[in-house]
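S.K.: Supplied in structure tokens, the structure appears directly below.
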Amino acid sequence: MTVKDELQFVLSQVDNLSGLCGITRSAPQQSQRQWCLDSILSVTSTGKFKSFVIPGACLSDERRKKWHLCGSAPLCWWSILHIRPETPIVTLRGCGGLPTASECNKCEDKRERGLPGRENALTRPRDGPGEGGKPVVIPKENQEKMKEMFKINQFNLMASEMIALNRSLPDVRLEGCKNKLYPDNLPRTSVVIVFHNEAWSTLLRTVHSVIDRSPHTLLEEIVLVDDASERDFLKRPLEQYVRRLEVPVKVVRMDQRSGLIRARLKGASISTGQVITFLDAHCECTTGWLEPLLARIKQDKRTVVCPIIDVISDDTFEYMAGSDMTYGGFNWKLNFRWYPVPQREMDRRKGDRTLPVRTPTMAGGLFSIDRDYFQEIGTYDAGMDIWGGENLEISFRIWQCGGTLEIVTCSHVGHVFRKATPYTFPGGTGQIINKNNRRLAEVWMDEFKNFFYIISPGVTKVDYGDITSRTGLRQKLQCKPFSWYLENVYPDSQIPRHYYSLGEIRNVETNQCLDNMARKENEKVGIFNCHGMGGNQVFSYTANKEIRTDDLCLDVSKLNGPVMMLKCHHLKGNQLWDYDPVKLTLVHVNSNQCLDKASEEDSQVPSVRDCTHTRSQQWLLRNVTLPEVF
């Protein structure tokens with residue numbers, strides 16, 4: 001193709017030529033294009049180098065590759081057209097400044113209208129419902145219908161269906177992230193998304209956000225794994241729809257309901273990218289989400305990376321930025337929890353919040369991992385059922401077997417967080433999660449599994465299957481003990497590395513025990529008749545002189561109480577207690593008062609009073625005997 005042919009194509013893509021050739025006069029478009037073409041050719045014929053600006057050119061992937069565009073260049077842009085007369089080639093370098101929002105939006109709208117099957121979902125106005133991540137407000141007259149639709153997927157389906165599949169989102173990255181540069185030769189990724197009876201709008205919005213906000217040079221494919229959905233629109237209509245998209249999308253069907261774990265294993269097995277990225281089916285990727293994840297894996301393939309998980313409201317679909325100051329942990333019941341990033345991790349990063357955070361555990365829904373490393377460390381535990389516990393299991397395994405787990409703070413992906421699950425599980429949710437948690441406790445937690453068993457005594461009766469292959473994997477990989485994990489990865493864990501007692505705290509005079517009464521943070525601790533069954537009456541007096549129940553510590557902030565349960569802060573202060581094993585007293589150090597039996601005013605709450613060395617201020621700290629383990 002000659003320079004003239006190339007130029008004619010370029011000019012055919014440009015709506016307004018004034019920025020390219022300085023045309024200001026009113027003239028038919030064809031005349032303008034011919035004039036512009038002649039002007040450019042006359043300049044190049046002199047043998048001089050010349051650059052031209054093309055405003056808002058919409059170009060195909062094929063054309064971008066031909067003109068050597070950088071992989072992250074948007075399809076709508078200010079381009080610099082370089083014409084070198086010594087070679088019959090036209091090159092475009094598209095990594096310069098971006099156009100105004102209105103010009104880019106016109107360009108994007110035009111581009112997407114040309115794609116079959118996307119007209120209804122993608123051509124809504126840029127100030128339409130949910131644009132910019134704004135909340136969707138349902139009119140009063142539709143509230144009842146909205147509530148009925150909510151039950152289908154346990155999120156506001158009506159709001160979701162009002163939002164374009166490619167809605168705009170705010171750029172919520174830290175400023176320092178926006179200017180980061182990444183290597184050109186990053187590994188390509190396959191994105192694996194498992195779904196079961198997912199809503200059309202949320203599933204396809206996930207897919208479009210991946211396609212629209214990922215450099216296609218880094219996107220090997222998207223693999224959609226259908227875990228035995230029953231809804232017709234997720235059958236042939238879905239296959240027909242994704243066939244028209246700009247990147248390869250495979251739809252794989254499980255023969256029967258298998259759950260997240262086995263469905264992800266299926267998706268991973270047929271994927272071909274060097275990196276596997278797992279996403280949930282109700283996510284939205286934001287600008288620049290992928291490059292920082294892949295860059296960390298390129299730097300060290302034994303690093304497993306997660307984005308910051310932003311919140312998409314299940315009520316309004318408002319997009320709310322997640323915090324870069326929290327990381328993953330867990331409590332005694334092996335529930336994943338978010339906790340503040342400790343000072344030691346801030347110090348390690350020298351205060352640079354754009355650097356990845358080392359996290360003890362991952363939430364599990366969204367992460368990227370090198371394909372070979374995923375196989376090397378044993379993928380998922382296929383003996384686990386459906387969902388639950390797999391995120392802690394893979395987190396422990398990564399750390400204990402020589403890998404690193406990080407939250408990459410320059411990557412943001414939104415996720416619809418639901419208050420309840422719309423799905424039923426064969427055997428019941430509780431039974432499945434207990435089985436999965438028992439497997440991970442038996443294989444990875446050594447003697448510290450006792451914290452889980454004592455606070456959840458019923459779990460010891462659950463059959464957890466054969467774990468021979470998983471314990472064999474641990475030996476083969478020469479993985480470190482759980483005590484190493486607590487000491488080196490998670491020293492501020494809710495499970496104390498060293499402790500004096502784990503069990504009941506019994507009052508000598510009343511024979512009653514401290515009891516958390518299933519109360520929550522910022523509520524008073526209780527006292528009740530001792531039952532010896534663990535659970536709510538399990539407290540640990542730690543080597544740091546805290547009295548813990550799960551992830552809460554007994555805290556007294558003023559004289560004479562009350563005794564509250566607050567998040568353990570590991571800073572001593574109001575949570576420091578001194579136990580005398582001879583006098584049997586528990587002295588609150590800051591107030592110099594003693595823990596005492598309940599007062600007459602409130603018979604179910606212990607008190608703190610001036611120390612009198614009476615029997616009501618004496619406490620026996622006993623280790624609970626584990627129930628018989630099945």
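The values are calculated or read from the model by the stated rules, or taken from the named source; none is laboratory data. Small disclaimer: the values here were computed from a predicted structure and weren't measured. Positions of Cβ are backbone-derived with ideal geometry, glycine not excepted, and every protein chain shown enters the neighbour counts. What goes into the accessible areas is simple: the full protein's heavy atoms, side chains included, and nothing from ligands, DNA or RNA. Shrake-Rupley method; radii C 1.70, N 1.55, O 1.52, S 1.80 Å.
S.K.: Could you give the nm distance between label points at THR471 and GLN375, where each point is 7 Å from its Cα heading toward the beta carbon?
M.R.: Roughly 2.8 nm, to one decimal.
S.K.: Just how large is the dipole of the range 146-241 about the Cα centre, in debye to the nearest 20, putting +1 at every Lys and Arg Cβ and -1 at every Asp and Glu Cβ?
M.R.: 300
S.K.: Could you give the length gained by full extension between ARG302 and ASN488, i.e. 0.36 nm per residue of separation minus their alpha carbon distance, to one decimal place?
M.R.: In short, 65.2 nm is gained.
S.K.: Which ³J(HN,Hα) values, rounded to whole Hz and listed in residue order, are derived for the range 215-228 from phi using the Karplus coefficients 6.51, -1.76 and 1.60 in 6.51 cos²θ - 1.76 cosθ + 1.60 with θ = phi - 60°, glycine and proline given as x?
M.R.: My calculation for the range 215-228 gives x, 5, 5, 9, 9, 5, 4, 10, 10, 9, 10, 8, 8, 6 Hz in order.
S.K.: What's the center-to-center distance, using Cα atoms, between the range 509-554 and the range 378-423 in Å?
M.R.: When both Cα centres are located, 30 Å separates them.
S.K.: Residue by residue, what Karplus-based ³J(HN,Hα) values in Hz, rounded to whole numbers, does the range 511-518 have, using 6.51, -1.76 and 1.60 with θ = phi - 60° and x for Gly and Pro?
M.R.: My calculation for the range 511-518 gives 6, 9, 10, 4, 8, 6, 6, 6 Hz in order.
S.K.: Given labels modelled 7 Å from the Cα in the Cβ direction, how far is it in nm from LYS480 to HIS498?
M.R.: 1.8
S.K.: Compute the label zone of LEU559 within the range 590-608: residues whose backbone N is under 15 Å from the point 7 Å along Cα-to-Cβ.
M.R.: 590-594, 608
S.K.: A follow-up question, please. Using only the Cα atoms of the range 330-469, what do you get for the radius of gyration and for Dmax, in Å?
M.R.: 16.4, 48
S.K.: How compact is the range 140-245 by the rule of thumb for globular proteins, expressed as Cα Rg over 2.2 N^0.38 Å?
M.R.: 1.32
S.K.: Determine the gain in length on full extension of the stretch ASP580-LYS140; use 0.36 nm per residue of separation and subtract their C-alpha separation, reporting nm with one decimal. It would help to have the intermediate numbers written out before the result.
M.R.: Values: separation 440, 0.36 × 440 = 158.40 nm, distance 6.32 nm.
Contour length minus the Cα-Cα distance gives 152.1 nm.
S.K.: Suppose R0 equals 25 Å. What FRET efficiency, 1/(1 + (r/R0)^6) with r the Cβ-Cβ distance, do LEU355 and LYS520 give to the nearest 0.05?
M.R.: Given R0 = 25 Å and the Cβ-Cβ separation, E is 0.15.
S.K.: Just to be sure I understand: if I project the alpha-carbon convex hull of the range 506-557 onto a plane and average over all orientations, what area do I get in nm²?
M.R.: Across all orientations, the range 506-557 yields a mean hull projection of 4.1 nm².
S.K.: For LYS461 and SER599, calculate 0.36 nm times their separation in residues minus their Cα-Cα distance, and state this gained length in nm to one decimal.
M.R.: Numbers: separation 138, 0.36 × 138 = 49.68 nm, distance 3.84 nm.
Taking LYS461 through SER599 to full extension adds about 45.8 nm, to one decimal.
S.K.: Using a 1.4 angstrom probe on the protein heavy atoms only, line up LYS449, LYS151, LYS350, LYS178 by accessible area, largest first.
M.R.: LYS350, LYS151, LYS178, LYS449
S.K.: Compute the distance in nm between two label points, each set 7 Å from the Cα along the Cα-to-Cβ direction, one at ILE152 and one at MET320.
M.R.: Reported label-point gap for ILE152 and MET320 is 2.5 nm.
S.K.: Bin width 5 Å, origin at 0, all Cα-Cα pairs of the range 226-281: what percent of pairs per bin?
M.R.: All Cα pairs, binned at 5 Å, distribute as 4, 16, 26, 26, 21, 7, 0 percent.
S.K.: For the range 178-333, what is the percent of antiparallel DSSP beta bridges, rounded to the nearest 5?
M.R.: Roughly 10 percent of the DSSP beta bridges within the range 178-333 come out antiparallel.
S.K.: Can you work out ³J(HN,Hα) from phi for every residue in the range 381-396, in order, using Karplus 6.51 cos²θ - 1.76 cosθ + 1.60 and θ = phi - 60°, giving whole Hz and x for Gly and Pro?
M.R.: Whole-Hz 3J(HN,Hα) from phi for the range 381-396: 6, 5, x, 7, 9, 6, 6, x, x, 5, 6, 6, 4, 6, 5, 4.
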